[in-house]
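The values are calculated or read from the model by the stated rules, or taken from the named source; none is laboratory data. Every value quoted in this text rests on a predicted model; they were computed, and no experiment measured them. For neighbour counting, all protein chains shown are included, and Cβ atoms are generated from backbone atoms with ideal geometry for every residue, glycine included. What goes into the accessible areas is simple: the full protein's heavy atoms, side chains included, and nothing from ligands, DNA or RNA. Shrake-Rupley method; radii C 1.70, N 1.55, O 1.52, S 1.80 Å.
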Amino acid sequence: MTDGAPGPANRGEGSSDPSSGNGNGNANGSGTGTGGWRASLTAVGTAAVLAFVTVFFGWLPNPFAEEPSPSPVKRPALEVLSRQFPEPARIPAEFKEGKSFRAGTTLATRLAFTLRNRGDLKAAITEFRFTVRREKALYGGTGPGGCLPNTGGDTEITANYDVDFSELTERGAPVTAVVKGAYDLAAGEVERVLFTIGGIESYDASLYLVDVEFREGAEKELIPAGTVAFLGPVDKAPDYLDWIHAVAPSDLTPCDDDLIRDVDRSLALADDHSPQVEGLKEDLEVLERRLNGGG
């Protein structure tokens, strides 16, 4: 083959051989343009579908997502730290004998509660309730038939007790006395609330078992403040305590065969009791040991 002779690999620019990579611009450009707009439509359609799915399913809850923890609700949280019986106190009173009246003072049992507000908000106590659940009369006689109530004059005593149990005289237990008021306790604050108790008209002492509750704000449910036991009337209790203290170690037997059992049952239900009740409890323990042959 000589130089310049045309060969099969040296065709001109106008060749339309489809196997050649150097075909004319018309054939090559036509293929490229069709594929491009189809690819563009596919990309746009895909993007639109993804956008729709993202927006649509963004409105629906994710069943696998964890629910957020609810924010803690701020509220008062009242608790009773202690119940105590301070020494009885004298309060103003009016005495009626027949048609005459005279002013004076009378002894009242005192009961104190120490309260704490553990909550985040101020607490407002709007009501206290005192319910006498049990009443055990204490008679100072000995032997069978010796349980006779004491008698006295016709003096009527009127005083402004915080907790007035005068209905016990006519109805007996159970009796509820309601004390309305406004006792505010700031968040984290500790406060002592003191009540005087009286109105029990009797010439004999009795053991009282009392349930105490209070209401916070306008809540329907009452909050228990505990159960307490005490002797009343407080001015009649010393005579009985002196008598049982003398009888317990002696060879005498109280007229009430159920005395030890009934007192034990009441004290088992009490969260706290007065110092007078503690003295009664100790003397009855001495009496029980003697009656059981323990000296």
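Before we move on, is A187 buried (at least 16 other Cβ atoms within 10 Å of the Cβ), within 30 Å of the chain's Cα centre (by Cα) and in contact (Cβ under 8 Å) with a residue 24 or more places away in the chain?
In short, no.
So, in region 139-153, of the ones that are closer than 15 Å to D251 by Cα and at pLDDT below 90, which residue ends up least open to solvent (accessible area, probe 1.4 Å)?
The residue in question is G143.
For F95, state whether it is open to solvent by less than 70 Å² (accessible area, probe 1.4 Å), touching a Gly at 6+ places or on another chain (Cβ under 7 Å) and of a type outside the set (D, E).
yes
For R133, work out the one condition from (1) under 24 Å from G217 (Cα atoms); (2) in contact with an Asp or Glu (Cβ under 6 Å, 6 or more places away or on another chain) it doesn't fulfil.
Just one mismatch for R133, condition (1).
For region 199-233, what are the residues that are open to solvent by 10 Å² or more (accessible area, probe 1.4 Å) and either over 16 Å from the mean Cα position of the chain (by Cα) or among the polar types (S, T, N, Q) (or both)?
Within region 199-233, G199, I200, E201, S202, Y203, D204, T227, P233 qualify.
Only one of (1) at pLDDT 90 or above; (2) of a type in the set (F, W, Y); (3) over 22 Å from F95 (Cα atoms) is not met by Y183, so which one is it?
Looking at each condition in turn, Y183 falls short on (1).
Only one residue in R261, R289, R265 is in contact with a Gly (Cβ under 7 Å, 6 or more places away or on another chain) and either in a helix (DSSP H, G or I) or not hydroxyl-bearing (S, T, Y) (or both), so which one is that? Steps first, please.
Working: R261 fails: in contact with a Gly (Cβ under 7 Å, 6 or more places away or on another chain); R265 fails: in contact with a Gly (Cβ under 7 Å, 6 or more places away or on another chain).
Only one candidate passes the filter, namely R289.
Specify the residue that is surrounded by the most Cβ atoms within 10 Å (Cβ to Cβ); the eligible residues are those in region 98-115 that are of a type outside the set (S, T, N, Q) and at pLDDT below 95.
Looking at residues that are of a type outside the set (S, T, N, Q) and at pLDDT below 95, I get L107.
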